[in-house]
Amino acid sequence: MKNYSLEGIDLKKRLQKGMILHLHEIESLCDTCKLPLKEICADIAVPQKSKQSINTRSLEKFRSTTSKKQIITISSDATGNRIRVIRNFLVWMANIHMAKLPEQDMRFMLLKDAKDFLESTLNSRIPGTSHNSSENAPMGLSEEAIAKLFEVIDRGSPYNPWTNNFTKIRNELLILWLYQFGIRRSELLGLKISDLDFRSETFNIVRRPDDPEDPRLNQPTQKTHGRKIAMPKKIVRLTLDYITKHRTVLAKANKHEFLFVASKTGAAMSLDTVNKVFSKLKKTYPDIFANLTPHILRHTWNDNFSALMDERNESEAKEQKMRSYLMGWDETSGSAETYTKRHVQRKANESILEMDNNFPQEEDLPDWAKE
């Protein structure tokens, strides 16, 4: 703590005063995060008196005061990771100090403002991750969360948060469609009954920009390519049951073809209503579904697809080709490669943990290594 920086910034004292870092210090810190570790270590090794103050030095000044050789910087992904770690550490330290103060204390309010400023400023300095980065693909739901989701949305479940019978049936089917096919909200709400072929057990996702048959003010517009997708028998059965026994009862539902409809009127379901379905689940079960969104189910589908391709020992090229088709992506977009790389990275790390490197067991370690 006492040696927080080369400039003698005493973080503990600053936090006690309701301060963290000034803007120019944050800028300098972010500039330093761009440099290779070798350069940073070399800079630390220089005697303190010969250093230019970190409070005023930026990356550009560092370049101008160094020899004429070009300064090498690390990748934007690595820079972003460094900034995130620093941000998380400083926010954690601020939270610890705030927990010791009453909310009415001026230092509490000053520290809260300083923390919010630091966090937002550092977030704005994080470089955008490269399009093909495996870190760029958000994770889907855990197996535990998936099992709980299926339990909760079951129309007969005592844990189902909805009371209206039609709403239970529609929401169960809606979430099953998003989970099973990994399609977007807009693609789901754009589905018409005529897009479903129950004989061949397939459905079509069709792009319909400015559809004259869609009365919704905020029309769900597709961002991906149209495609034909197979339907598992369970989805076929539940969808037919929904259409013939429940959807048809609502008067307005018989005036249009859109598959998913509002529970009270039968009008075409809106994007806001889909969001409310997921908000209800998050509000009812915040510990399990804190991050649940329609798009998280799309990421979950990609995780499941990666696992299936592993089981089949499919080649990476074929996997990316199939994934791109099913997701509606251009094969050259790199979107499929992002998920493939992340899955390979996860499998590689799992292999490392499973390997026996003859590392001593905990009982064989010296006392200092067990702490």
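The values are calculated or read from the model by the stated rules, or taken from the named source; none is laboratory data. Not measured: the values here are computed from a predicted model. We place every Cβ from the backbone using ideal geometry, glycine too, and count neighbours over all the protein chains shown. Heads up: the accessible areas ignore ligands, DNA and RNA and are worked out on the full protein's heavy atoms, side chains in. Shrake-Rupley method; radii C 1.70, N 1.55, O 1.52, S 1.80 Å.
Go through segment 205-218 residue by residue and tally those that are of a type in the set (D, E, K, R), open to solvent by less than 50 Å² (accessible area, probe 1.4 Å) and in contact (Cβ under 8 Å) with a residue 40 or more places away in the chain. Please lay out each step first, then the result.
First pass over segment 205-218, keeping only residues of a type in the set (D, E, K, R): 207-208, 210-211, 213-214, 216.
Keeping just the survivors that are open to solvent by less than 50 Å² (accessible area, probe 1.4 Å) gives 211, 214, 216.
The next check asks that each one be in contact (Cβ under 8 Å) with a residue 40 or more places away in the chain; those that pass are 214, 216.
Residues that pass the stated criteria total 2.
Quick one: count up the residues across segment 120-138 that are part of a helix (DSSP H, G or I) and at pLDDT below 90.
Of segment 120-138, the ones part of a helix (DSSP H, G or I) are 120-125, 134-136.
Narrowing the set further to residues that are at pLDDT below 90 leaves 120-121, 123-125, 134-136.
The qualifying residues number 8.
Among (1) of a type in the set (Ser, Thr, Tyr); (2) open to solvent by 30 Å² or more (accessible area, probe 1.4 Å); (3) within 24 Å of Phe150 (Cβ to Cβ), where does Tyr242 come up short?
Unmet condition: (2).
Residue-wise test of (1) over 20 Å from Asp272 (Cβ atoms); (2) without any contact (Cβ under 8 Å) to a residue 60 or more places away in the chain; (3) not in a loop (DSSP other than H, G, I, E, B); (4) not acidic (Asp, Glu).
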{"position": "Thr167", "(1), (2), (3), (4)": "no, no, yes, yes"}
{"position": "Leu176", "(1), (2), (3), (4)": "yes, no, yes, yes"}
{"position": "Glu187", "(1), (2), (3), (4)": "no, no, yes, no"}
{"position": "Arg199", "(1), (2), (3), (4)": "yes, yes, no, yes"}
{"position": "Phe203", "(1), (2), (3), (4)": "yes, yes, yes, yes"}
{"position": "Pro220", "(1), (2), (3), (4)": "no, yes, no, yes"}
{"position": "His225", "(1), (2), (3), (4)": "yes, no, no, yes"}
{"position": "Leu238", "(1), (2), (3), (4)": "yes, no, yes, yes"}
{"position": "Thr248", "(1), (2), (3), (4)": "yes, yes, yes, yes"}
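For segment 78-112, which residues satisfy the criterion of being free of Cβ contacts under 8 Å to residues at least 12 places away in the same chain, more than 26 Å from Leu35 (Cβ to Cβ) and exposed (fewer than 15 other Cβ atoms within 10 Å of the Cβ)?
Those that are free of Cβ contacts under 8 Å to residues at least 12 places away in the same chain, more than 26 Å from Leu35 (Cβ to Cβ) and exposed (fewer than 15 other Cβ atoms within 10 Å of the Cβ): Ile96, Ala99, Lys100, Pro102, Glu103, Gln104, Asp105.
Filter segment 284-304 for residues that are in contact (Cβ under 8 Å) with a residue 12 or more places away in the chain and open to solvent by 40 Å² or more (accessible area, probe 1.4 Å) and give the result. Can you show your working first?
Of segment 284-304, the ones in contact (Cβ under 8 Å) with a residue 12 or more places away in the chain are 284-285, 288-289, 292-304.
Residues satisfying the conditions are Thr284, Tyr285, Ile288, Thr293, His295, Asn304.
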